[in-house]
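Colleague: Pasting in a structure now, in structure tokens, and then I'll have a few things to ask.
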Amino acid sequence: MMDLFVLPELEESGGHSPCAKLPPTLAGPSQTDTSLVSFRHMVQTFKHLHQNGRFRPRDCQAHQRLAVIIPFRNRKSHLLLLLNNLIPFLSRQQADVTFFLIEQLPGAIFNKGALLNIGYLEALKLGQFDCFIFHDVDLVPLNDKNLYRCGDNPRHFSVAINKFSYSLAYKGNFGGVVGLSMKQYSEVNGNSNLYIGWGGEDDDLLERVTNKGYFISRYSGELSKYDMVNHSRDKGNEPNPFRVKLLELARVRQEVDGLNSIHYSIHYNRTIKDMALFTLITVDIDNDR
Ligand code: UDH
């Protein structure tokens, strides 16, 4: 079992050359594996792939070190399904990846933007990462040629979701699964912390990245297919009635609302056991500050 707040480096096994640009292990289109598995089962099944929560290829050096940041509350079944699909998917991509589960304590209204900021800040305290993949827990990728890597511009991975007939939900959608390098995420000051409840934080992030001169990079719909797990609206994450008003001033607030203004405290009780697969960070977010 890993120590929660220390990410030990893997022993370097020396002489490893860089992995191929296009991993030879890619399989292309796939279907969601819907088997019901436990954390314990996955720890066993994938034990050859990871050491203390860090997954990486055995025989070559990955191109980027990834932090997958998952905002989370009360979605254990989705998490099990996601990891059971995403771990083999990223293994076929020869990725070097650490999963961070950023769990918001019950009580306050869900604040996804703030959780993503916390994930970014806390991951950087624990290791050096080239690329941050912000990943909804209910989205399962269906084509491993959709490479989880960061580039010169922010990436939108979940372009074609089954819920939206495998096409972009709306023009300019930048939610679900997105990837930004450390430079990009810090330059845009992360996400806004002010979208309390469902909706708007992803549109705000789009304003932030375009305001800094980036455009959104997307693969074709064929490569970017995802299954979204069917679910109803969560209690404590009702639509935010202020989201449209907030969005109007997104660019004005960008420099003062984000990574540099977040307030949170970390709770050290582990609400999910068997964390060999990921780093769990449980946080209390003060939505009123
Ligand atoms: N999330 C949680 N717990 C919550 C709320 C959100 O873990 O209580 C996380 C999770 O990673 C989720 C993400 O935040 O994937 C986005 O939240 P969402 O799934 O509620 O957002 P989405 O737009 O769904 O995907 C909207 C609700 C759909 C209700 C449809 C009823 N037919």
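Read-outs: derived from the displayed coordinates by stated rules, not from any lab. What you see is a predicted model; the values in this text were computed from it and never measured. Glycine gets a Cβ as well: all are built from the backbone with ideal geometry, and neighbour counts include every protein chain shown.
Colleague: Take the chain, connect every pair of alpha-carbon atoms lying under 10 Å apart with a spring to form a Gaussian network, then pick out the residue of Glu207, Glu222, Glu248 with the largest mean-square fluctuation.
Modeller: Among Glu207, Glu222, Glu248, the largest mean-square fluctuation in the Gaussian network model of the chain belongs to Glu248.
Colleague: Could you work out the helix-only [θ] at 222 nm for the chain, with each DSSP H run of four or more residues adding -39,500 (n - 2.57) and the total divided by the number of residues, to the nearest 500 deg cm²/dmol?
Modeller: The helix-only estimate for the chain comes to -6500 deg cm²/dmol at 222 nm.
Colleague: Can I ask one more? Among Asp227, Asp152, Asp204, which one shows the highest mean-square fluctuation when the chain is modelled as a Gaussian network with alpha-carbon springs under 10 Å?
Modeller: Result for the chain, Cα springs under 10 Å: Asp152 fluctuates most.
Colleague: What's the extension gain from Cys60 to Ser17 if we count 0.36 nm per residue and subtract their Cα-Cα distance?
Modeller: Values: separation 43, 0.36 × 43 = 15.48 nm, distance 0.53 nm.
Residue separation times 0.36 nm, minus the Cα-Cα distance, leaves 15.0 nm.
Colleague: Based on alpha-carbon positions alone, could you give the equivalent ellipsoid semi-axes of the stretch 228-289 from the gyration tensor, as √(5λ), descending, whole Å?
Modeller: Working through the eigenvalues yields semi-axes of 28, 19, 12 Å.
Colleague: Here's another thing I want to ask about it. Looking at the chain as a GNM with Cα springs under 10 Å, which of Asn153, Asn117, Asn260 has the largest mean-square fluctuation?
Modeller: Of Asn153, Asn117, Asn260, the most mobile in the Gaussian network model is Asn260.
Colleague: Among Tyr195, Tyr166, what is the fewest-to-most ranking by other Cβ atoms within 10 Å?
Modeller: Least to most surrounded, the residues fall as Tyr166, Tyr195.
Colleague: Determine the percent antiparallel among the DSSP beta bridges restricted to the stretch 93-238, to the nearest 5.
Modeller: Rounded to the nearest five, the antiparallel share is 75 percent.
Colleague: Another question, if that's okay. Quick check: convex hull over the Cα atoms of the chain, volume per residue in Å³, rounded to an integer?
Modeller: Spread over its residues, the Cα hull of the chain gives 126 Å³ apiece.
Colleague: How large is the Rg to Rh ratio of the stretch 18-105 when both quantities use alpha carbon positions and Rh follows Kirkwood?
Modeller: Result: Rg/Rh = 0.97.
Colleague: Among Lys47/Lys235; Lys76/Lys183; Lys183/Lys225; Lys47/Lys145, which pairs are too far apart, with a Cα-Cα distance over 30 Å?
Modeller: Flagged as over cut-off: Lys47/Lys235; Lys76/Lys183.
Colleague: Listing Thr279, Thr32 from the residue with the fewest other Cβ atoms within 10 Å to the one with the most, what is the order? Can you show the working numbers first?
Modeller: Numbers: Thr279 25, Thr32 16.
Result, fewest neighbours first: Thr32, Thr279.
Colleague: Here's something else I'd like to know. Between Glu187 and Lys76, what's the calculated FRET efficiency when r is the beta-carbon distance and R0 is 30 Å? Round to 0.05. Spell out each step's value before the answer.
Modeller: Details: r = 35 Å, r/R0 = 1.15.
Working from the Cβ atoms, E equals 0.30.
Colleague: Subtracting the Cα-Cα distance from 0.36 nm times the residue separation, let me have the gained length for Arg289 to Val244 in nm, one decimal.
Modeller: 14.1 nm
Colleague: Assuming 1.567 mPa s and 4 °C, estimate D for the stretch 110-237 with Stokes-Einstein, Rh taken as the Kirkwood radius over Cα pairs, in µm²/s.
Modeller: Result for D is 86 µm²/s.
Colleague: Send over the Kirkwood Rh of the stretch 184-289, from the inverse of the averaged 1/r over different Cα pairs, rounded to one decimal Å.
Modeller: In the stretch 184-289 this quantity evaluates to 16.4 Å.
Colleague: Go through the stretch 162-169 residue by residue and turn each phi into a ³J(HN,Hα) via Karplus (6.51, -1.76, 1.60, θ = phi - 60°); whole Hz please, and just put x for glycine and proline.
Modeller: After applying 6.51 cos²θ - 1.76 cosθ + 1.60, I find 3, 4, 10, 6, 6, 9, 4, 4 Hz.
Colleague: Arrange Ser35, Ser181 by Cβ neighbour counts within 10 Å, fewest through most, would you?
Modeller: The order, fewest Cβ neighbours first, is Ser35, Ser181.
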